[in-house]
Amino acid sequence: MKYKKIQGLAFGILILSLAGVMLVLSDTVKNRMIHECRAAAQAVETVFHKSFDETFETLNEAIRLSYALDLEDTNDLEIFRKSAKRLVDEDEHIACAAYFNEDTLDYIYPADRFGDLTGKNMADFAYSITLAKVIKTPVVEGPTQLFDEDGAFFLFINPVYRGSDFIGEIVVALDSDYVLSALGLAELESSNYDYELWRVDFLGQSKTVIAVSDAAVDFSDAVKHEFNLPSTWNMSIKPKGGWITHAENVSIDFIILALGLLLFGMGVLLYRTICLQRRLLVAKYTNADSGLLTIEGFSFFVNKRLSKHPESRLCMLELRLGNFRRFTKNMEREEFISHLMQLRQSITDCFPEDTIAASINDDSFLLAIFGDAKELERPVEDFILQMHWKRRVDGRKIFVTPRYCMVSYPEDGRDVQSLINAVSRQFETASGGESKQATAITGS
């Protein structure tokens with residue numbers, strides 16, 4: 001029973017350990033896939049970030065128009081007007097081009113749409129126009145509303161300075177859809193990526209989503225890149241379906257489960273093979289009648305145990321059943337086997353489960369009992385009492401008179417053969433040559 005409990009406990013620990021290893025392996029595989037996907041997304045994001053810089057630089061006509069200004073005579077706008085008119089007329093995506101002379105809107109084209117705005121202060125327009133003057137660098141804002149026009153636009157604003165003196169600003173408005181298409185966001189979707197392009201306002205208080213492939217996607221774990229125009233912009237991308245898709249998750253879990261079941265099956269098969277080999281080995285060394293080991297098997301298994309656990313305490317008991325041959329005279333085989341089974345059951349009842357027993361001959365037996373001799377005194381007495389069998393043969397009662405001697409490991413010997421020799425010598429000494437006496441001889 002104790003062996004079965006230990007076996008069940010070991011089996012449970014094996015299952016838990018295998019399940020733990022499979023979970024760790026599954027997490028490792030998934031983390032590796034996520035790492036590789038993130039690295040690929042990071043490379044894609046880096047390429048797109050460089051492309052954004054180049055695209056915004058290409059679209060910023062405000063910077064190129066600034067070369068049409070005469071910084072020595074800012075009231076002479078002839079060349080600027082011609083350049084602005086040609087720019088707007090030739091590019092359908094440009095809504096207007098304007099020039100602020102210092103803080104005042106001095107010129108805007110097309111005048112038929114926006115001419116009534118001329119003369120207004122830049123404070124009357126979007127905050128980004130004033131911001132460019134303050135920070136002295138180009139500003140991009142969008143998508144935003146252009147004056148009172150319908151639709152969304154990107155404003156490209158370039159402040160103009162002569163030395164440290166503020167001359168004014170040039171503003172060019174482009175259609176929002178055109179700018180976003182120029183950024184190549186559609187290529188991200190065709191490459192199986194979801195994206196979110198967003199910015200934080202100039203005060204850092206609110207987030208504005210500029211473009212998103214799927215509003216239902218959670219970009220909290222996406223690859224992100226931050227850049228300034230000068231408001232803070234952020235590009236977030238992640239593969240469609242997540243870093244690991246549902247199908248990939250299911251496939252990994254299925255493969256890991258199959259691998260776990262395969263390893264478990266191999267383990268069970270190995271365990272059964274070992275058990276079968278052990279049973280075959282035991283059968284090889286087992287006496288067919290008694291079911292006990294032969295002397296060769298006894299020596300093999302006891303020596304094997306002692307070699308693994310040389311610190312063990314062991315008592316070797318030799319049992320001799322006096323009158324056993326007379327007792328079994330003319331006995332049916334079934335009854336004979338029954339008495340041998342009774343002997344085996346008594347061994348099981350009185351001694352620890354790991355006790356090793358062998359049959360020397362019909363009436364002599366050896367027991368290797370692992371434990372301290374003092375603790376075994378009572379179990380041995382109970383065992384010997386159970387060996388007092390009686391039977392009527394030819395009208396006469398025949399009694400079995402059990403005798404025994406015990407020796408201890410390592411005091412009386414350090415291997416099986418030396419212990420067997422020691423217990424035999426004790427029998428010879430105790431019997432004094434009168435081995436036929438039917439009295440119990442107690443060995444030490």
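The values are calculated or read from the model by the stated rules, or taken from the named source; none is laboratory data. Predicted model, so just to flag it, every value in this text is computed and none were measured. With ideal geometry, Cβ positions are generated from the backbone for all residues, glycine too; neighbour counts draw on all protein chains shown. Accessible surface areas use protein heavy atoms only, side chains included; no ligands, DNA or RNA. Shrake-Rupley method; radii C 1.70, N 1.55, O 1.52, S 1.80 Å.
Which semi-axes, in whole Å and largest first, does the equivalent ellipsoid of the stretch 202-323 have when worked out from the alpha carbon gyration tensor as the square roots of 5 times its eigenvalues? Could you put the intermediate results ahead of the total?
Details: eigenvalues 1155, 74, 19 Å².
Ellipsoid semi-axes (Å, largest first): 76, 19, 10.
Per residue, the accessible area of the stretch 240-354 comes to 61 Å², computed with a 1.4 Å probe over protein heavy atoms only. On a per residue basis, the stretch 99-190 carries 45 Å² of accessible surface, using protein heavy atoms and a 1.4 Å probe. Taking a point 7 Å out from the Cα of K240 in the direction of its Cβ, the residues of the stretch 167-185 whose backbone N falls within less than 20 Å of it are 181-185.
Within the same chain, aspartates and glutamates fewer than 8 places from K85 are excluded, and of the rest, those with a Cα less than 18 Å from its Cα are E61, D70, D76, D106, D112, D116, E169, D175.
Where does each of S17, S290 land when they are ordered by accessible area, with a 1.4 Å probe and the largest first?
I get S17, S290, largest accessible area first.
Express the carbon and sulfur contribution to the solvent-accessible surface of the stretch 289-444 as a percent, rounded to the nearest whole number, probe 1.4 angstrom. C and S fraction of accessible area: 47 percent.
Taking only protein heavy atoms and a 1.4 Å probe, the accessible area of the stretch 206-274 is 67% carbon and sulfur.
When only Cα pairs below 8 angstrom with a gap of at least 6 residues are kept, the chain shows a relative contact order of 11 percent. For the stretch 270-408, a/c is not less than 1.5, where a ≥ b ≥ c are the root eigenvalues of the C-alpha gyration tensor, and a/b does not top b/c. That puts it in the oblate class.
Using a probe of 1.4 angstrom, how much of the accessible area of the stretch 1-83 is carbon and sulfur, in percent? Walk me through the numbers on the way to the answer.
Numbers: 3630 of 5710 Å².
Looking at the stretch 1-83 in its full context, I get 63 percent from C and S.
Could you pull out every residue, at least 5 positions away or on a different chain, whose amide H is within less than 5 Å of the one on G242? Hs are placed 1.01 Å off N in the peptide plane, and Pro or chain starts have none. Answer set, sorted by chain and number: none. Each listed q (0.08, 0.09, 0.11, 0.14 Å⁻¹) maps to a log10 I(q)/I(0) for the chain from the Debye sum over equal C-alpha point scatterers, namely -0.67, -0.76, -0.93, -1.20. Round to the nearest 10 and report in Å² the accessible area of C37, as given by a 1.4 Å probe over the protein chains' heavy atoms. Ignoring ligands and nucleic acids, C37 comes out at about 40 Å².
Relative to one another, the C-alpha centroids of the stretch 1-71 and the stretch 353-400 are positioned 72 Å apart. Treating only the Cα positions of the stretch 130-184 as identical point scatterers, give the base-10 log of I(q)/I(0) from the Debye formula at each q in 0.13, 0.21 Å⁻¹. Once normalised to I(0) and log-transformed, intensities are -0.37, -0.77.
Solvent-accessible surface of protein heavy atoms, probed at 1.4 angstrom with all chains present, puts C405, C275 in the order C275, C405, largest first. Per-residue surface analysis assigns W243 an accessible area of about 20 Å², computed on protein heavy atoms at 1.4 Å probe radius. When S128, S190, S299 are compared by accessible surface with a 1.4 Å probe, the order from highest to lowest is S190, S299, S128. In whole angstrom, the stretch 176-246 maps to an equivalent ellipsoid with semi-axes of 22, 15, 9, each derived as √(5λ) from the alpha carbon gyration tensor and ordered largest first. Of the cross-linked pairs K5/K304; K329/K397; K284/K304; K5/K284, those separated by over 21 Å at the C-alpha level are K5/K304; K5/K284.
Accessible surface for E248 stands near 70 Å², nearest 10, in the context of the full protein assembly shown (1.4 Å probe).
Centre-to-centre separation between the Cα atoms of the stretch 127-191 and those of the stretch 212-237: 19 Å.
Taking 23 Å as the straight-line reach from the Cα of K30, the lysines in range (excluding those fewer than 8 positions away in the same chain) are K224, K238, K240. Tell me the angle of helix 2-59 to the major Cα principal axis of the chain, expressed in degrees between 0 and 90 and rounded to the nearest ten. Roughly 10 degrees between the two axes. Label-to-label distance for R326 and L269 is 6.0 nm, based on points extended 7 Å past Cα in the beta-carbon direction.
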